[in-house]
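What follows is a set of notes on a single structure, which appears directly below.
The values are calculated or read from the model by the stated rules, or taken from the named source; none is laboratory data. Computed from a prediction, not measured in an experiment: that's the story for all the values here. Here the Cβ is made from the backbone with ideal geometry for all residues, glycine too, and neighbour counts use every protein chain on show. Please note that ligands, DNA and RNA were not included when accessible areas were found on the heavy atoms of the full protein model with its side chains. Shrake-Rupley method; radii C 1.70, N 1.55, O 1.52, S 1.80 Å.
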Amino acid sequence: MKFTPKEIASISQDFEKASPQEIIQWAVDEFCPNIVLSSSFQTQSLPLLDIVKEVQPEMRIFFLDTGMHFWDTLIFREHLEQIWNLNIVDLRPDEKWRTVLRHFGSDLPDTDSNLCCYIRKVQPMQKAMQGLDAWITGIRRDQTENRAHAQILEYKRDGLLRIAPLLNWTGEQASNYIAEKNLPRHPLPSSLYPSVGCKPCTRAIQPHENERAGRWAGKGKTECGLHTDMFNEDGFAKSDFTLK
Ligand code: SF4
């Protein structure tokens, strides 16, 4: 680790008043080339993508190709890759899950969404992060209860540093940035789909609902596990599916 946990806590505290550009510039200066950005390529992802490409145009961008996305998301990803010349790396489930996914893959979001997220999101991301020093993510404190307690800089398992430059932004600030810079928009209407994930786990929201109310609605979860400790040291999900 380049910085001790105490040093990271101190720098993170200083960054509470820094701009996303300043945080990203520091991250690039300290960790390039062992640093990546992850993106789900929804409209909310655009401010961070826009800032990162200005600071470091060659930054690798991890996209979780779960096989369950909306067509609109895939088209939007392609569009952005072309117009911004992005360096996107698609992450897919490990081959060892091929038989499970062939037989049960389409049912898994409903029968065991934790296992589904583990196979399609968490494990591919954990594998791709091996050997890296830092990971930039677009989470914000106003999105979920879990994220409200996050820090701008946080060490995760294996010494990977998670960097959240937009942690202090509100949804309104993100929307204003998108409008001011006239950034491209995901084809699904943002009034109905302010947060877009996999198709089986995303529904349109009602006018009075929180922006993430349409994610895993009725499934009893609010996070896929990338930003929580849903998965133990052996990598198994706290799911109904147990391996003995
Ligand atoms: S969001 Fe839904 S479909 Fe996507 S990996 Fe998680 S459970 Fe599966």
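Residue ranges 5-17, 132-144 sort as 132-144, 5-17 when ordered by packing (mean number of other C-beta atoms within 10 Å per residue, highest first). In a fully extended conformation the segment linking Arg60 and His79 would gain 5.2 nm over its present Cα-Cα distance, using 0.36 nm per residue. For segment 113-123, 3J(HN,Hα) computed residue by residue from phi via the Karplus equation (6.51, -1.76, 1.60; θ = phi - 60°) reads 5, 5, 5, 4, 5, 5, 5, 8, 10, 5, 5 Hz, glycine and proline entered as x.
Working from label points 7 Å from Cα in the Cα-to-Cβ sense, the Asn182 to Lys127 distance is 4.3 nm. Enter the Cα centre distance for the pair segment 145-218 and segment 29-58, rounded to the nearest angstrom. So the two Cα centres are separated by 15 Å. Checking the a/c ratio against 1.5 first, then a/b against b/c, what shape does the Cα gyration tensor give for segment 1-80? Prolate, because a/c is 1.5 or more and a/b exceeds b/c.
Using the 1.4 Å probe convention, the accessible area of the chain works out to 51 Å² per residue with neighbouring protein chains retained. Taking label positions 7 Å along the Cα-Cβ direction at both Asp94 and Glu209, the computed distance is 3.4 nm, reported to one decimal. Remark: spin-label model distance Glu30-Arg157 equals 2.3 nm, labels positioned 7 Å along the Cα→Cβ axis. I'd like the GluC sites (Glu not before Pro) in segment 17-73 restricted to DSSP loop residues with at most 13 other Cβ atoms within 10 Å, sorted by number. Sparse-neighbourhood loop GluC sites (Glu not before Pro): Glu58.
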